[in-house]
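Heads up, the thing below is written out as structure tokens.
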């Protein structure tokens with residue numbers, strides 16, 4: 001049986017067949033380093049596989065370049081990376097980003113975990129990340145504005 005992360009009838013080395021695009025750039029494929037970066041912040045491979053709706057073995061194959069993800073999987077990896085960037089801009093550290101992704105959220109996520117929602121409704125997750133980042137920035141600004149400097 002073919003790996004669920006690859007296209008039928010296409011070589012695993014490149015999703016379009018016929019060799020690599022110029023410069024080794026493939027706009028439809030996340031590089032192993034992009035996936036590894038998500039794993040390094042604390043999202044485990046099982047959580048990522050559930051979010052993308054593939055098996056952990058499929059993700060391992062992508063990282064080892066033994067298979068190429070389909071466009072839908074690339075979109076979800078990109079959405080996860082966008083969440084990381086949004087929260088990093090608000091100075092939320094990697095482990096805290098991973099914790100946020102696996103936590104139950106209020107507001108527009110109806111107490112669902114962002115990792116559970118991102119496949120079907122990434123816009124809601126990205127909006128929730130923006131809201132969390134804005135609240136975090138306001139909290140940090142409030143902490144600094146309360147400091148009193150003596151004359």
For the stretch 104-116, what are the residues that are surrounded by 14 or more Cβ atoms within 10 Å (Cβ to Cβ), out of contact with any helix residue (DSSP H, G or I) (no Cβ under 7 Å at 6 or more places or on another chain) and not in a helix (DSSP H, G or I)?
-> 112
Unmet criterion (only one of (1) modelled with pLDDT under 90; (2) more than 24 Å from residue 141 (Cβ to Cβ); (3) surrounded by 15 or more Cβ atoms within 10 Å (Cβ to Cβ); (4) within 13 Å of the chain's Cα centre (by Cα)) for residue 94 | (2)
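Yes/no matrix, rows are residues, columns are (1) surrounded by fewer than 17 Cβ atoms within 10 Å (Cβ to Cβ); (2) modelled with pLDDT under 90:
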position: 8; (1), (2): yes, yes
position: 33; (1), (2): yes, yes
position: 59; (1), (2): no, no
position: 64; (1), (2): yes, no
position: 72; (1), (2): yes, no
position: 83; (1), (2): no, no
position: 102; (1), (2): yes, no
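The values are calculated or read from the model by the stated rules, or taken from the named source; none is laboratory data. Quick caveat: nothing in here was measured; it's all calculated off a predicted structure. Please note: Cβ atoms are built from the backbone with ideal geometry, for glycine as well, and neighbour counts cover all protein chains shown.
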